[in-house]
Amino acid sequence: MNKKNLKEFIENYVNLDASQKKILEKFIMNYGRYYDLKDIPKEFTPKVPKEINPFVKKYTLKRKPSAVSFYVFEGEEREELVEISNNF
């Protein structure tokens, strides 16, 4: 991530409320957990959903761990993650 985007990311993160920070932190932790995925066949790897694709592109995140990290969330939590990512 370049310095401009990192600064913007941090500023946006600081402005989130506590529950939004918790959701974004969960996404980041899962992203780190799945960062080195190599053994999963391409056929079983989910594609980055269109809802978070701009966020993934803007912050130059790897596609595979971003997609898996997104699908860890369900229901309202997933909707909240989409809303947070759209505000970035």
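The values are calculated or read from the model by the stated rules, or taken from the named source; none is laboratory data. This one's a predicted model, so the numbers in the text were calculated from it and none came from an experiment. Positions of Cβ are backbone-derived with ideal geometry, glycine not excepted, and every protein chain shown enters the neighbour counts. Just so you know, the surface numbers come from the protein's heavy atoms only, side chains and all, with ligands and any DNA or RNA stripped out. Shrake-Rupley method; radii C 1.70, N 1.55, O 1.52, S 1.80 Å.
Summary table
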item: Residue 24 being surrounded by 10 or more Cβ atoms within 10 Å (Cβ to Cβ) and over 18 Å from residue 70 (Cβ atoms); result: no
item: Considering residues of region 34-65 that are in a helix (DSSP H, G or I) and aromatic (Phe, Trp, Tyr) only, the residue nearest to residue 78 (Cα to Cα); result: 55
item: Index of the failed condition, residue 86 passing every other in (1) at pLDDT below 90; (2) exposed (fewer than 12 other Cβ atoms within 10 Å of the Cβ); (3) within 23 Å of residue 7 (Cβ to Cβ); result: (1)
item: Odd one out for residue 44, checked against (1) closer than 16 Å to residue 81 by Cα; (2) modelled with pLDDT under 95; result: (1)
item: Pairs where the first residue, in region 64-78, is under 18 Å from residue 34 (Cα atoms) and the second is outside any loop (DSSP other than H, G, I, E, B) and not acidic (Asp, Glu), C-beta under 6 Å, 6+ apart; result: 65/31; 66/56; 69/27; 69/30; 69/31; 72/30; 73/81
item: Complete set of residues in region 27-40 that are surrounded by 12 or more Cβ atoms within 10 Å (Cβ to Cβ) and of a type outside the set (D, E, K, R); result: 27, 28, 29, 30, 31, 34, 35, 37, 40
item: Cβ pairs under 6 Å, 6+ apart, first in region 1-26 and under 17 Å from residue 57 (Cα atoms), second surrounded by fewer than 15 Cβ atoms within 10 Å (Cβ to Cβ); result: 1/60
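The rows are residues; the columns are (1) out of contact with any Lys or Arg (no Cβ under 6 Å at 6 or more places or on another chain); (2) of a type outside the set (D, E, K, R); (3) open to solvent by less than 80 Å² (accessible area, probe 1.4 Å).
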position	(1), (2), (3)
14	yes, yes, no
18	yes, yes, no
43	yes, no, no
46	yes, yes, yes
64	yes, no, yes
68	yes, yes, yes
78	yes, no, yes
